[in-house]
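What follows is calculated from the coordinates using simple rules that are stated; it is not laboratory data. Because the structure is a prediction, the values reported are computed rather than measured. All Cβ positions, even for glycine, are placed from backbone atoms using ideal geometry, and neighbour counts span all protein chains on display.
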């Protein structure tokens with residue numbers, strides 16, 4: 001079963017889980033939960049800068065940051081990287097203890113701390129060889145606003161009226177209680 005990266009390299013999706021046989025994105029409610037969560041998150045991440053570049057240049061010079069091309073980690077704890085800084089991340093992950101943070105909420109922060117503290121891959125450290133097979137043949141990821149609109153439209157929940165089927169005389173909380181006798185200033189033990 002072919003896997004494909006969408007928008008950013010790193011997270012890979014089973015083609016049949018996210019695309020129709022015609023090559024279009026499936027409706028969000030037709031995509032399994034985990035790939036749907038990643039796809040929705042990708043729509044937000046695709047325009048963000050590389051985390052390492054951001055740590056180097058800071059907020060005041062964000063225009064100098066290279067746009068992210070790669071994503072590693074889990075949604076909301078992911079690390080975004082440009083091609084230049086991927087080797088630094090891979091070195092941290094493979095050689096400098098980063099693997100111990102895999103799947104943990106500390107994943108992104110641990111890489112940021114290592115990188116901000118001067119951690120870098122040796123100059124000759126190799127990254128990954130990525131194979132791109134006709135990236136133009138894939139549809140563009142949905143616009144983030146479109147995803148949020150579709151999520152709200154496609155909600156298949158239902159409203160439950162807890163009072164349904166109850167007669168008015170069934171709702172009698174405490175008929176002997178006089179509201180004027182309630183002292184709201186009393187301190188109660190917690």
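May I ask for the percentage of alpha-carbon pairs in the range 47-126 that lie more than 15 Å from each other? The calculated P(r) of the range 47-126 puts 53 percent of pairs beyond 15 Å. Here the extension length gained between residue 24 and residue 61 equals 9.6 nm, from 0.36 nm per residue of separation less the Cα-Cα distance.
For 112, 61, which order do you get if you count the other beta carbons within 10 Å of each Cβ and list the fewest first?
61, 112
With Cα atoms as the point set, the range 1-46 shows a radius of gyration and Dmax of 9.8, 27 Å.
Label positions at residue 123 and residue 76, each projected 7 Å from the Cα along the C-beta direction, are separated by 4.3 nm.
For the listed peptides 115-125, 91-101, a ranking on the average number of other beta carbons within 10 Å per residue, highest first, reads 91-101, 115-125. Stretched out straight at 0.36 nm per residue, the stretch from residue 17 to residue 44 would grow longer than its current Cα-Cα span by 7.7 nm. Extension gain, residue 34-residue 109: 0.36 nm per intervening residue step, less the Cα-Cα distance, totals 24.7 nm. As a proxy for reagent exposure, ranking 108, 12 by other Cβ atoms within 10 Å from fewest up yields 12, 108.
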